[in-house]
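Everything below concerns the one structure shown next.
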Amino acid sequence: MKLPIYMDNHATTPVDPRVFDTMKPYFTEIFGNAASRNHSFGWQAEEAVEKARKQAADLIGANAKEIVFTSGATESNNLALKGVAEMYAEKGNHIITAATEHKAVLDTCKRLEKHGIRVTYLPVQTNGLIDLDMLADAITDKTILISIMYANNEIGVLQPIAEIGKLAKSKGVLLHTDATQAVGKVPVNVIKDNIDLASLSGHKMYGPKGVGALYVRRKSPRVQITAQMDGGGHERGMRSGTLNVPGIVGLGEACGLCNAGMQEEAKRMAYLRDKLRGKLEKELDEVYINGTMEHRLPNNLNISFAYVEGESLLMGINDIAVSSGSACTSATLEPSYVLKALGAGDDLAHSSIRFGLGRFNTEEEVDYVADKVIDVVKKLRELSPLYEMAKEGIDLAKVQWSAH
Amino acid sequence: MAYSNKVLDHYNNPRNVGSLDKSDPNVGTGMVGAPECGDVMKLQVKVNPETGVIEDAKFKTFGCGSAIASSSLATEWLHGKTVDEALQIKNTDIVNELSLPPVKIHCSVLAEDAIKAAISDYKKKAATKSEAVASS
């Protein structure tokens, strides 16, 4: 076993060596511009792009013509929200999203608000899921778009996208989903789920960074978006810019591999994740899972170790790469807004660790991680005045703290 | 973020971890911070009432590595100091000793506050004790 161990696969994943091998010739040999129509260099590049388009489409049950390649999920989210808001401005000016969305959606919504769009930010329940009745109530005759993520990047919970899709369709409202964390990990089907737009990213599924896609539905309804970047009119006018051929080839191959191995991989991820959880819960008291386990990515475990601060825990497990919702690990010095939205209390957000298992993690690594975390949590609890007080039976919620 | 070697040393081998008897009249206890802010420090001093010298100091901290290191260092410095000398410890001394980056300065502030709170608790106890002696 090699150290350090990487278990932060929601942040990014390594490129699968098979993906890398597929990409290689497109840097030096088949380097043509996919838009060059009059020589073989261009034709070969175009052929590779079209193959990748098909691979990406197949993974989500779409048609190849419905895939628009972008630089990543942030761009896809921006293009979906801004593109719809601009295109459907005459129909309405209201967008519904949720408090636990990725910043690429939330901050895009904030910008749209400055341009006269009204945005409803739905709260989530303590399990991390939105309330469908609340969503239904939020829809007005001015609502043009619902944007709800498929799987959350911190707590891995899966929103009820199929139900949301059904509701959106019945109300004649478009549904966009940021499916960055879900695609390739769990079955996503744009037809079954009634999804109109979906964002995905290469580097979250063992493909390269800097490439992603936006699915834009072509039939029932035909969705139109206003391009947000002007230029050569690539990607059927929706996204100008010379295509990143090697990146797109990598994304396509990554999609193909996920499509072929998803079921088996999901089973293996769930087994490893559940083993990790079981070990931690057996050896440690007062550990709390953040978000529902029932509807969740198989590779995600987000867990709070009460009375232990997240950054100090990360420091003790410095040969393991994971992340924490603690304020001390964020640039803003604010604890995770996702965990706060669950209403768990800031103290549990400060104590949270996100484990993101991936294709290349082994059972041996999981055992090592579990043992190490248990060890360090025990040590830090010896050091924790809060643990001592809790053991003395003091209700920490009733203590008058000197805030600073 | 990279930690200084001194922070790592205090984190890996924290000095004077533990608790003193809160009800001992010679023990002063300071508890500062709040769980929702991500830092709570408990710092205790045991003072020799004859000499005013701190004979023992203990801490427990919920917080990041820099918070743990700041309080660990504080207890180390408190040993053998008189109460008045202890009040001279400034957060900037801790910042310098541990090479804390700007985002971690609040950890040193918290440690200074914890020292002050512990000593003020001890002084309050000493005052009630002498009142009690005077009135009897």
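Every read-out reported here was derived from the displayed coordinates using simple, explicitly stated rules and does not represent laboratory data. On a predicted model such as this, the values are computed, not experimentally measured, just so you know. Cβ atoms come from the backbone with ideal geometry, glycine included; neighbour counts cover every protein chain shown.
Do we find a residue being in a helix (DSSP H, G or I), of a type outside the set (Phe, Trp, Tyr) and in contact (Cβ under 8 Å) with a residue 12 or more places away in the chain anywhere in segment A:218-241?
Applying the first criterion (in a helix (DSSP H, G or I)) to segment A:218-241 yields A:235-237.
Now narrow it down to the ones that are of a type outside the set (Phe, Trp, Tyr): A:235-237.
Checking which are in contact (Cβ under 8 Å) with a residue 12 or more places away in the chain leaves us with A:235-236.
Within segment A:218-241, one or more residues are in a helix (DSSP H, G or I), of a type outside the set (Phe, Trp, Tyr) and in contact (Cβ under 8 Å) with a residue 12 or more places away in the chain.
Can you go through A:267, A:279 and tell me which one is exposed (fewer than 15 other Cβ atoms within 10 Å of the Cβ), away from chain B (no Cβ under 14 Å) and either in a helix (DSSP H, G or I) or without any contact (Cβ under 8 Å) to a residue 24 or more places away in the chain (or both)? Outline the logic, then answer.
Numbers: A:279 fails: exposed (fewer than 15 other Cβ atoms within 10 Å of the Cβ).
Going through A:267, A:279 in turn, the sole match is A:267.
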Any chance residue A:54 is part of a helix (DSSP H, G or I) and either crowded, with 17+ Cβ neighbours inside 10 Å or not hydroxyl-bearing (Ser, Thr, Tyr) (or both): yes
Those residues of segment A:293-318 which are more than 9 Å from chain B (Cβ to nearest Cβ) and aromatic (Phe, Trp, Tyr), in sequence order: A:305
Residues (within 14 Å of another protein chain (Cβ to nearest Cβ) and assigned to a helix (DSSP H, G or I)) located in segment A:349-367: A:349, A:350
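Residues checked against (1) touching a Leu at 6+ places or on another chain (Cβ under 9 Å); (2) closer than 16 Å to residue B:64 by Cα; (3) touching a residue at least 40 places away in the same chain (Cβ under 8 Å):
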| residue | (1), (2), (3) |
| --- | --- |
| A:337 | yes, no, yes |
| A:365 | yes, no, yes |
| A:371 | no, no, yes |
| A:379 | no, yes, yes |
Residues within segment A:368-404 that are assigned to a helix (DSSP H, G or I), more than 8 Å from chain B (Cβ to nearest Cβ) and farther than 24 Å from residue A:276 by Cβ, tallied: 5
Some residue of segment A:319-338 being within 13 Å of another protein chain (Cβ to nearest Cβ), assigned to a helix (DSSP H, G or I) and out of contact with any Gly (no Cβ under 8 Å at 6 or more places or on another chain): no
Residues located in segment A:136-173, provided they are surrounded by fewer than 21 Cβ atoms within 10 Å (Cβ to Cβ) and within 21 Å of the chain's Cα centre (by Cα): A:160, A:162, A:163
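Being touching a helix residue (DSSP H, G or I) at 6+ places or on another chain (Cβ under 9 Å) and farther than 30 Å from residue A:137 by Cβ narrows it down to one residue among A:48, A:85, A:98; which is it?
Working: A:85 fails: farther than 30 Å from residue A:137 by Cβ; A:98 fails: farther than 30 Å from residue A:137 by Cβ.
Result of the check over A:48, A:85, A:98: A:48.
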